[in-house]
Amino acid sequence: MGAPLTKEILEEHITRELSCWRKPPNPTPTLVALVQSKLIRPSEQKGYDSISCWSLKGRFSVSGMPVGGVCAYEEDELIRALHPGYYWRGPGTSPGVQLSLISSWPVEKVKAWAKSYLAPAGKYRIQPSDGVLRGTELSCHESDFPLPED
């Protein structure tokens with residue numbers, strides 16, 4: 001069995017995923033870790049536009065940035081089947097694989113934080129959240145990684 005899940009391990013993982021550097025996100029390990037840490041419950045998911053979101057239980061921060069929510073989507077049907085309750089799929093076009101954290105900080109403060117903690121060449125996005133959770137959204141999207149040409 002591996003090392004116990006600590007806040008430091010979770011923070012390091014989230015920072016790496018949201019740096020969005022060289023590879024698209026893999027949201028499932030983050031969600032599993034948040035469930036194991038009792039910060040989210042799959043049954044309390046709020047879905048919109050096929051994106052699954054949760055308000056965090058209790059206080060949580062990543063390298064000092066407060067985090068109040070998480071949103072994610074996964075395309076892979078096997079991963080979705082292995083994690084029932086994690087991913088909601090509505091009608092229409094898929095939003096694509098993505099992972100987002102929602103912070104209470106304003107956009108400019110999250111941008112300054114990202115310059116200090118995320119990969120400088122990362123493809124992360126920072127914008128006001130337009131989903132079911134309000135705040136500033138820091139996210140990584142698979143769509144920002146072009147498919148290799150044949």
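The values are calculated or read from the model by the stated rules, or taken from the named source; none is laboratory data. Here the structure is a predicted model, which is why all the values come from computation and not from measurement. No Cβ is skipped: glycine too gets one built from the backbone with ideal geometry, and neighbour counts run over all protein chains shown.
Let me spell it out: the conditions are (1) surrounded by fewer than 19 Cβ atoms within 10 Å (Cβ to Cβ); (2) part of a loop (DSSP other than H, G, I, E, B); (3) not aromatic (Phe, Trp, Tyr), and residue 133 meets all of them except one. Which number is the exception?
Exception for residue 133: condition (1).
Return the residues of the stretch 26-43 that are among the hydroxyl-bearing types (Ser, Thr, Tyr) and either under 11 Å from residue 13 (Cα atoms) or surrounded by fewer than 16 Cβ atoms within 10 Å (Cβ to Cβ) (or both); say none if nothing qualifies.
Within the stretch 26-43, 30, 43 meet the criteria.
I'm trying to understand the selection: among the residues of the stretch 76-102, which are more than 21 Å from residue 55 (Cβ to Cβ) and modelled with pLDDT of 90 or more?
Within the stretch 76-102, 76, 77, 78, 79, 80, 81, 82, 96, 97 qualify.
Select, from 78, 82, the only residue that is closer than 25 Å to residue 22 by Cα, free of Cβ contacts under 8 Å to residues at least 12 places away in the same chain, over 15 Å from the mean Cα position of the chain (by Cα) and loosely packed, with under 15 Cβ neighbours inside 10 Å.
Checking each option against the conditions leaves just 78.
Could you check the stretch 11-65 and list, in sequence order, the residues that are under 20 Å from residue 135 (Cα atoms) and of a type in the set (Phe, Trp, Tyr)?
48, 54, 60
Which of (1) modelled with pLDDT under 95; (2) surrounded by 12 or more Cβ atoms within 10 Å (Cβ to Cβ) does residue 105 not meet, given it meets every other one?
Residue 105 satisfies every listed condition except (1).
Within the stretch 119-130, is even one residue of a type outside the set (S, T, N, Q) and in a helix (DSSP H, G or I)?
There is no residue in the stretch 119-130 that is of a type outside the set (S, T, N, Q) and in a helix (DSSP H, G or I).
Based on this model, can you work out whether residue 73 counts as crowded, with 20+ Cβ neighbours inside 10 Å, more than 19 Å from residue 15 (Cβ to Cβ) and at pLDDT 95 or above?
yes
So is residue 14 crowded, with 20+ Cβ neighbours inside 10 Å and modelled with pLDDT of 95 or more or not?
In short, yes.
Across the stretch 106-128, what is the number of residues that are basic (Lys, Arg) and touching a helix residue (DSSP H, G or I) at 6+ places or on another chain (Cβ under 7 Å)?
Residues that pass the stated criteria total 1.
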